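Notes follow once the structure below has been shown.
The values are calculated or read from the model by the stated rules, or taken from the named source; none is laboratory data. In this text the structure is predicted, and so the values were computed from the model without any measurement. Don't worry about glycine lacking a Cβ; one is built from the backbone with ideal geometry, like all the others, and counts go over all protein chains shown. Just the protein is used for accessible areas: all its heavy atoms, side chains included, with ligands, DNA and RNA removed. Shrake-Rupley method; radii C 1.70, N 1.55, O 1.52, S 1.80 Å.
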Amino acid sequence: RCSSRCVCRTAGSLSHLCGPSGAVTKGRLPREQRCHFKNIMNLGWRQLACSSGSHAAAANRRAHTACSTVSVARATARAQKQDAEEYDLVTRMVGKLFGKAVVEDQSPFGLKRMDWSSVQDLEVTTDRWGDPVQTDDPLMAKVRPLLAGTQLEAETLRCAYCATEDGWNPDAFHERVDGYGAALCVARTQGGAVLGGYNPLGFDGYGPKATLGAFVFTWPDGDMAKRPHKLPKVSTDQMAVVDGLGNGIQFGPGDLKMQLQR
């Protein structure tokens, strides 16, 4: 038995309805006393609202309130997840200690944030080409488009080493280029192809270098009036440049080697 204004749960036949006297009966009741079968989302169970229209409306309001609460909780969880993906571990810890305002402040505690978008050579630019610089000679103007997004994009270039003039050996190469910073190496094969590589870290002869800013390039047919093929380092930054005193010019473990020996 149950009262006429209670909420009954049943796992049996839905033909059993609560009558006005509280007895469990079968059959149809008047419209104003009819049991309303409600499917309350997100609560995991179904209920029979054995009540008048006002009680059914109250049940609806409770259901909507529950759904709204769940929606707010989900939105909060999504926002927290987005923050977790946007910020690294240290930034999240600072946010918990000092608040989100400190995380979003561009000069927290008077310290200017590092703008990584202004740092060059973190990765290879492949969606645009560099423009010639006024000081470029004909050769420099042809290779300048390769330097888009690099630290040399707008810098005046000079030829630091020429194998035919300075000698075909690693010692001559390192003597003239070590310690001068980023370098672009260009060579022409006996078949006429033009190729080379860009080293953003420069040469020093101290061993392999890890960077995602290095790339190799080629004009397969040797026609430098065309756009070259520009190939960035992928998968890992390790051994992007193999730099040793006894080595010639080498990019990758075996991607491009220029043996400076006749």
Note on segment 118-234: alpha-carbon gyration tensor, axes a ≥ b ≥ c; rule is a/c under 1.5 for rounded, else prolate if a/b larger than b/c, else oblate; result rounded
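Rounded, prolate or oblate: which one fits segment 214-262, using the alpha carbon gyration tensor with axes a ≥ b ≥ c (rounded when a/c is under 1.5, else prolate when a/b beats b/c, else oblate)? Write out the running numbers ahead of the final one.
Numbers: a/c = 3.35, a/b = 1.30, b/c = 2.58.
Note, shape of segment 214-262 comes out oblate.
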With the cut-off at 27 Å, tell me which of the pairs Lys233/Lys257; Lys100/Lys209; Lys226/Lys257; Lys96/Lys209 have Cα atoms farther apart than that. Lys100/Lys209; Lys96/Lys209
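Around Asp243, what is the net charge, scoring Lys/Arg as +1 and Asp/Glu as -1 over all other residues with Cβ under 11 Å from its Cβ? Before the final figure, lay out each step's value.
Working: positive: Lys209; negative: Asp178, Asp204.
Charge balance near Asp243 sits at -1.
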I'd like the FRET efficiency for Asp137 and Arg92, computed as 1/(1 + (r/R0)^6) with the beta carbon distance as r and R0 of 51 Å, rounded to 0.05. 0.50
Can you send over the carbon and sulfur percentage of the accessible area for segment 201-262, probe radius 1.4 Å, protein chains only? 53 percent
Spacing of the two label points (7 Å from each Cα toward its C-beta) at Cys162 and His229, in nm: 2.9 nm
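Grab the other residues whose beta carbon is less than 14 angstrom from that of Gly130, score K and R as +1, D and E as -1, and report the net.
-1
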